[in-house]
Every structure is written in structure tokens, then in C-alpha cells.
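**Q** Got a structure here, written out as C-alpha cells. Questions coming.
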Amino acid sequence: MNIYTYSEARQKLSKLLNEAKKEGKVIIKRKDGTTFEIKPVTENKSPLDVKGIKLNLKTDEIINFIKDSRSSKNFGNINRKSK
């Protein structure tokens, strides 16, 4: 991990940002000794955030599919073996 002075950081900002992305963080140090850490922001995405697909189904068709699946004999039944 490199430590840059404020002046270097200003002059090489693009390089510094690329390095932060690659290495995880970069340190900038002022003349007075104050240090700052620059790191990329990570997006928290849900595993359920998936791209949809176009099925060309009407609302009524979707509702009927749901009703049919809920009314089937096996809905909610779990085969359990008694001990």
C-alpha cells in the first residue's frame, strides 16, 4: 500500500483511484501528519436482485398459475418419516 502526499494525490488522482480499486485502499498524508484513506465503495446487492425475463403473460394468467399451484394436493406437504 502506497502513501501519497496531498500534492501527489492531486496530480495523480486518476492513478490513485485506480490503485485504490485494485489494492483496496490508498493513504494520503498531509504536511501536518493528518492521514486520509481512500477506498472504493462496495455495493450491497441482494442475492435476490436478478434480472427479470419477458414472458408475455397477462395478469390473469399469472394469478391462475398461482391459484392452481396452491390448490394442488401436494402444496405444503412435506414427507416426514416418523421415528
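**Q** If contacts are Cα pairs under 8 angstrom and at least 6 residues apart, what is the relative contact order of the chain in percent? Spell out each step's value before the answer.
**A** Numbers: 54 pairs, mean separation 16.9, N = 83.
Averaging sequence separation for qualifying contacts and normalising by length gives 20 percent for the chain.
**Q** Between MET1 and GLU23, how many nm apart are label points set 7 Å from Cα along the C-beta direction?
**A** 0.9
**Q** Could you list which residues have their amide H under 5 Å from that of TYR4, counting only those 5 or more apart in sequence or on another chain, with H placed in the peptide plane?
**A** Long-range HN contacts for TYR4: ILE27, ILE28, LYS29.
**Q** Could you tell me how many degrees, from 0 to 90 and to the nearest 10, lie between the Cα long axis of helix 13-23 and the main elongation axis, the longest principal axis, of the Cα atoms of the chain?
**A** 50
**Q** Of [x] 13.8; [y] 6.3; [z] 4.9, which is the value of mean projected area of the Cα convex hull in nm² derived from the coordinates here?
**A** [x]
**Q** With everything on Cα atoms, drop me the angle between helix 59-71 and the longest principal axis of the chain, reported from 0 to 90° to the nearest 10.
**A** Taking the Cα atoms of the chain, the angle to 59-71 is about 70 degrees.
Where a number appears in this text, it was derived from the coordinates with a stated rule and is not lab data. Everything numeric in this text was worked out from a predicted model, so none of it was measured. Ideal geometry is used to build each Cβ from the backbone, glycine not excepted, and the neighbour counts take in all protein chains shown.
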